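Step one of this worksheet: look at the structure below.
The values are calculated or read from the model by the stated rules, or taken from the named source; none is laboratory data. Here the structure is a predicted model, which is why all the values come from computation and not from measurement. Glycine also receives a Cβ, built like all others from the backbone with ideal geometry; neighbour counts cover every protein chain displayed. The protein model used for the area step is the full one, side chains on, heavy atoms only, and it has no ligands, DNA or RNA in it. Shrake-Rupley method; radii C 1.70, N 1.55, O 1.52, S 1.80 Å.
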Amino acid sequence: MRSFLHAGVAMATLASCATGSPAARPRGLGEISTFTYVLEKYPKGRLDELARAPHQLAIIDLSRDGTVKGYFTRGEIARLRGSGKKVLAYFEIGSIEEFRTEYRPLRDQHADLLLNVWKDWPDEHFVKYWDPRWWQQVVRPRVDQALLAGFDGVYLDTPLAYEEIDLARVRGRTRDRLARDMVDLIVRISAHAKRSRPGFAVVPQNSPELRHHPGYTRAIDGIGMEELFFKATDDPCDEKWCGENLANAMALHKQGKAVFATDYASSATNVMNACSRYRKLGIAGNVTTVALDRISPPCK
């Protein structure tokens with residue numbers, strides 16, 4: 001959902017990010033307490049500042065500029081991992097942005113895969129993610145690239161597509177069927193990746209209620225959650241769905257799944273509030289900007 005069309009080369013540099021020597025690399029996702037989540041504005045297209053950051057995990061886009069030619073290389077990911085971090089590759093599985101390399105071939109050759117535009121992101125289309133062509137032409141190549149580049153796992157955005165697709169565009173499918181279709185896709189991603197590398201991590205973002213569908217919990221290693229406590233930006237998350245999301249995420253946590261919470265706040269008070277709640281819950285947290293274009297300071 002992030003646009004690279006306006007991405008520059010500047011990223012906020014944190015003086016506290018210099019680490020001197022690599023930190024001890026966490027053995028598993030459950031050991032991680034600090035992470036940063038950066039999808040845009042990699043300075044000069046490089047990962048050097050992320051390597052100097054003190055976090056135990058970095059979530060970055062599969063590509064430095066949203067194109068296939070811009071994929072991060074195995075050497076680049078190895079250097080980032082060498083700083084003591086685990087590294088997850090971000091990409092979307094329920095939608096596609098127009099700036100992605102794969103978009104134009106889909107539009108020109110398989111236009112029927114494209115569904116309604118996401119109103120919050122007008123250059124992004126939900127897709128028929130259950131269609132074999134989506135797996136063959138977009139999702140499997142992305143998973144394979146993450147494996148080839150040496151990422152520790154994948155961070156899968158837009159499982160929430162099942163809630164946002166216009167049912168009039170997919171006659172015969174109910175909302176529950178769409179949820180099951182999404183679970184099936186995540187299960188397929190997990191099985192495909194773990195056949196190649198058993199320890200490869202699969203971390204969907206949001207929609208933790210999918211845990212109620214058979215096979216989902218077994219297929220994932222963690223869950224990423226946005227706006228558990230603060231919506232963009234500095235807006236307390238008080239709605240009913242906020243509590244439901246937290247309850248479902250913590251239910252997964254009790255089943256041994258790592259939870260990576262990202263809240264959007266700039267007020268020092270709200271940042272401290274979110275960090276305090278992460279500590280009390282025993283989950284990893286990250287307070288940042290909605291653009292996800294800078295390294296966020298770790299919670300103190």
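Couple of notes before you dig in:
- PHE91 being surrounded by 18 or more Cβ atoms within 10 Å (Cβ to Cβ), of a type outside the set (Ser, Thr, Tyr) and either modelled with pLDDT of 95 or more or in a helix (DSSP H, G or I) (or both): yes
- Annotation: ILE60 fulfils all but one of (1) out of contact with any helix residue (DSSP H, G or I) (no Cβ under 8 Å at 6 or more places or on another chain); (2) assigned to a strand (DSSP E or B); the unmet one is (1).
- Of all the criteria given as (1) crowded, with 16+ Cβ neighbours inside 10 Å; (2) out of contact with any Leu (no Cβ under 6 Å at 6 or more places or on another chain); (3) under 21 Å from ALA249 (Cα atoms), the one not satisfied by ASN206 is (2).
- Where a residue in the range 146-162 is over 16 Å from ASP184 (Cα atoms) and among the aliphatic types (A, V, I, L, M) and its partner, wherever it lies, is modelled with pLDDT of 95 or more and assigned to a loop (DSSP other than H, G, I, E, B), with Cβ under 7 Å and at least six apart: ALA146/LEU62; LEU147/ARG197; LEU147/PHE200; ALA149/PHE72; ALA149/THR73
- Residue in the range 90-124 that is nearest to GLN205 (Cα to Cα), counting only those that are of a type in the set (Asp, Glu) and more than 19 Å from the chain's Cα centre (by Cα): ASP112
- Scanning the range 169-194 for residues that are of a type outside the set (Ser, Thr, Tyr), part of a helix (DSSP H, G or I) and open to solvent by less than 60 Å² (accessible area, probe 1.4 Å) yields a total of 13.
- Pick from the range 289-300, criterion within 21 Å of GLU31 (Cα to Cα) and under 21 Å from the mean Cα position of the chain (by Cα), ranking: surrounded by the fewest Cβ atoms within 10 Å (Cβ to Cβ): CYS299
- Some residue of the range 231-238 being among the β-branched types (Val, Ile, Thr), part of a loop (DSSP other than H, G, I, E, B) and at pLDDT 95 or above: yes
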